[in-house]
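Presented below is the structure to which this report refers.
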Amino acid sequence: MNDDHIHAFVSESRESITDLNNALLALEDDPNDEEAIESVFRTAHTLKGNFGAMGFSNASDLAHVLEDLLDEIRDGEIEVTPEIMDAAFEGVDRIETIVDEIERDGDSATNPEETTARLRAAIEEGNAAISDDETDDNGAASDEASEETEETTGDTETDVDVTFAHAEEPPLFEGAETVIHARIGVDPDGMLGVDGMLVLEPLSEAFDGLETAPARDEIEEGEYDGEFDVFVPGIASAELTETLETVGAVETFEVAEIASGTDVESDAAETAEETTAEADETADESGEATEADQTDTEADDDATADEAEETADQADGSDDGSGDADSGSSGGGSRSSSSGGSDISSVRVDVDRLDELHGLVEQLVTGRITIRRAIENEDFETAQNSLSDFDKVTSRLQNTVMDMRLIPLRRVVSNLPRVVRDVARSQRKEISFEMHGQDIELDRSILTEIEDPLIHILRNAVDHGIESPEEREAAGKPEEGTIELRATRERDHVTITVSDDGAGIDPDAMRSKAVEEDVIPESEAESMPDDEAYDLIFHPGFSTANEVTDVSGRGVGMDVVHSTVEQLDGTVNVDSDPGEGTTVELRLPVSVAIVNVLFVAVGEQEYGIPIKNIDELTHASDTETVNGKTVVRHDDDVYPVIRLEEALEIEEGALAASTSDDGSAVATDGGPPDGGDGTDSLTQSEPDVGGASGGLSDEDGMLVRIRESVRPVALRCDSFSDQEEVVVKPLEGSLSGIPGLSGTAILGDGNIVPILDVVSLEE
């Protein structure tokens, strides 16, 4: 099976999973919604056939049982309850986990038997099989089906060899005959320290004597590779499994029972092979039972087989649908990330757009030939005219390609209703979630980055914003709270707001908490306006929650939202009306790939300043000294002056002015702007040049005054020369995070120009 087949299969499966989640939510909201019922059943049926055709029997079997459950609901045999829907959503989550594995590894090792058993119990015994009244303290079903599952998984766990993420051998627990081991994985690209803490805190609360490898402090500091070991003495493996399934930060986990101090096979390949063989036996045995229990679905199976065969033919090279049996140790499990996948890896392009691109490329080729021949013949007038046409074509090509990168917001928000539902369910709250503006488009790179911030904001809205039904009733509100996500576009920016009708934020409480946690001094708190008090929510580690939950309360999340949005060159603001609700507003650029910058000279070095950050350009002779500080006045406001040569630590020997003999600034790329003064190309919406000659500088240099909304300062440079649209590449590796620099741009002559970050530039 080649990569193209896998990619197409994964892409289609993710769309089906999203549709299935949303249809289940609609069904839960209105059990009599016949359209939702049919949509759910149809999507599950399609997933079953596709998985079978591709040879992924673990997912196919799971989808088959999920389909049977939905069929019972459709026929009115099973009532739609929160418990039944929990079981259905668990099945969808496990299918999503398998898809994640297929995308990452080309295969899946997840054994979904535990989830399958729970779904079968729901089918056979209805609501009573999974109701809260019929579960023990650990939440495990106490019926016959659960016992069979425990017997199966227990045998497998005992026999399966275990591989450790970091431990060389299990720790010794005095008096403990057995130890439960879990190999836990979190998002390797996330915040390892925070995620590790989010996993270990609920585990430590639930189990005594827990030990880790590496040590807990190393995990919470992020000093591991995304996987770590947990050892718990004197419990059943099912207890640890059930707890791990409720922890949101857990991406993957494998649970197995080991003897205290037992030698563990370190050869991962051998372990995987033996585990797979044992799982095959289990799958074969369970398959026979399944076949006996589901004889009434043979006709439906035949139809599914036909669909699977058709899908296999389309795949052109896939197996005949037999596939290998499940692999992986019993008791293991995994949770997919909230996003349901990695970065957006594909876009759909209209054929007309492709034709347009083809035409532009033809014009580029023609223009290139014309320019080359004109230069060879020393016909510079023709070359100049052709170059002008060439510039127009490249601008059209740029706009077309940038438009192709725009993707509807629904690609990342389609899973948010499920996020809200799950958090609300865990908090025992009733919430109506509405979304508007899902067709608003943003650049692919921006969409990829904003999903997690939106999830953080929504989780906070559910956990902290919306009150409990009892509190809302006492306040004269409907028991059901409302959260609304709305997206709008204005020119080259998109605004996303998340509003709730909850308790709101008390600014006085924010100020008091900030003083208590030494975030701000008491004197500052007394004079702090409400809007600044709300912004305290973005301070790292700051939280007003009285209790730490699995959802929030640790002071992490909103600071990540703030930093992520800032990195995307956007802004985030909070507004609240105590007792009425809170609104979080994200303002984001449609695209961040290409930026219009002004080139300035500091000695012999050139820098770029984004035009959107600039308010005015003036001569440095307009400055004055106040209290020993250099400042510039504008409209009765005083702006401190930052000397770029000092802020950027440019050596004195490199401060020779970058000017020509007549005193004009040297053009960076392609010569000075129209008119030769560096100002004519700036529109009225762009910075006011204040009467200064942009390409000319006197002995005092030039001032670039930054927009007050960005940072009320002025930057002193030697001269400015030109403005151009450039592609900004962010700094990576050891260079990332340098104050005052946001990235670099490669010019047409091959020179690399640093792009200034005026916000982080040190005075």
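A Förster distance of 60 Å, applied to the separation of the beta-carbon atoms of residue 482 and residue 215, puts the FRET efficiency at 0.85. Sorted fewest first by neighbouring Cβ atoms within 10 angstrom, 381, 616, 524 come out as 381, 524, 616.
Toward the positive end of the charge dipole of region 4-117, with +1 on the Cβ of Lys and Arg and -1 on the Cβ of Asp and Glu, the farthest Cα among 108, 36, 76 is that of 108.
Once the Cα-Cα distance is subtracted from the 0.36 nm per residue extended length, the residue 105 to residue 174 segment shows a gain of 20.9 nm.
Residues in region 565-579 carry Karplus couplings, in order, of 5, 4, 4, 8, 6, x, 10, 9, 9, 10, 10, 8, 10, x, x Hz; the curve used is 6.51 cos²θ - 1.76 cosθ + 1.60 with θ = phi - 60°, and Gly or Pro positions show x. R0 = 51 Å: FRET efficiency of residue 381 with residue 15, Cβ-based, nearest 0.05? Computed FRET efficiency for residue 381 and residue 15: 0.40. Per-peptide packing, taken as the mean over residues of other Cβ atoms within 10 Å, places 107-113, 476-482 in the sequence 107-113, 476-482 from highest down. Between residue 208 and residue 594, the simple spin-label model (points 7 angstrom out along Cα→Cβ) gives 6.6 nm. Sorting 91-99, 753-761, 560-568 by average packing, meaning the other beta carbons within 10 Å per residue, from highest down gives 91-99, 753-761, 560-568. Under a model in which nothing but the beta-carbon of Lys, Arg (+1) and Asp, Glu (-1) is charged, region 553-645 shows a dipole of about 320 debye around its Cα centre. Close amide H pairs (under 5 Å, H built 1.01 Å from N) link residue 251 with 185, 186, 187, residues at least 5 positions away or on another chain.
Globularity index of region 351-404 is 1.27 (Cα radius of gyration / 2.2 N^0.38 Å, N = number of residues). Rounded to whole Å and ordered largest first, report the semi-axes of the equivalent ellipsoid of region 162-264 derived from its Cα gyration tensor (root of 5λ). Those come to 21, 14, 12 Å. With a Förster radius of 35 Å applied to the C-beta separation of residue 738 and residue 518, the computed FRET efficiency comes to 0.80. Legend: distances between Cα atoms for 477/513; 513/629; 513/729; 429/513; 513/612; pairs beyond 29 Å are 513/629; 513/729; 513/612. Sorted ascending by nearby beta carbons within 10 Å, beginning with the fewest, 187, 500, 229 become 187, 229, 500.
In this structure, the amide hydrogen of residue 179, modeled 1.01 Å from its nitrogen in the peptide plane, lies closer than 5 angstrom to those of 258, 259, 260, counting only residues at least 5 positions away or on a different chain. Taking amide H positions as placed 1.01 Å from N in the peptide plane, with prolines and chain starts having none, which residues 5 or more places from residue 741, or on another chain, fall under 5 Å of its amide H? Result for residue 741 returns 757. Multiplying the residue separation of residue 635 and residue 357 by 0.36 nm and removing their Cα-Cα distance gives an extension gain of 95.2 nm. Packing order of peptides 41-48, 173-180, highest average first: 41-48, 173-180 (average count of other Cβ atoms within 10 Å over each peptide's residues). Test of understanding: extend the Cα→C-beta vector of residue 725 to 7 Å, then name every residue of region 583-610 with backbone N under 18 Å from that spot. What the label zone holds, given the 18 Å backbone N cut-off, is 589-599, 609-610.
Compute the label zone of residue 563 within region 435-470: residues whose backbone N is under 14 Å from the point 7 Å along Cα-to-Cβ. Those under the cut-off are 453.
For region 408-589, the percent of C-alpha pairs falling in each 10 Å distance bin, counted from 0 to the bin holding the largest distance, reads 9, 37, 37, 16, 1.
No lab work stands behind these numbers, since they all come straight from the coordinates. Worth saying up front: this structure is predicted, and the values here are computed from it rather than measured. Neighbour counts run over all protein chains shown; Cβ positions are idealised from the backbone, glycine included.
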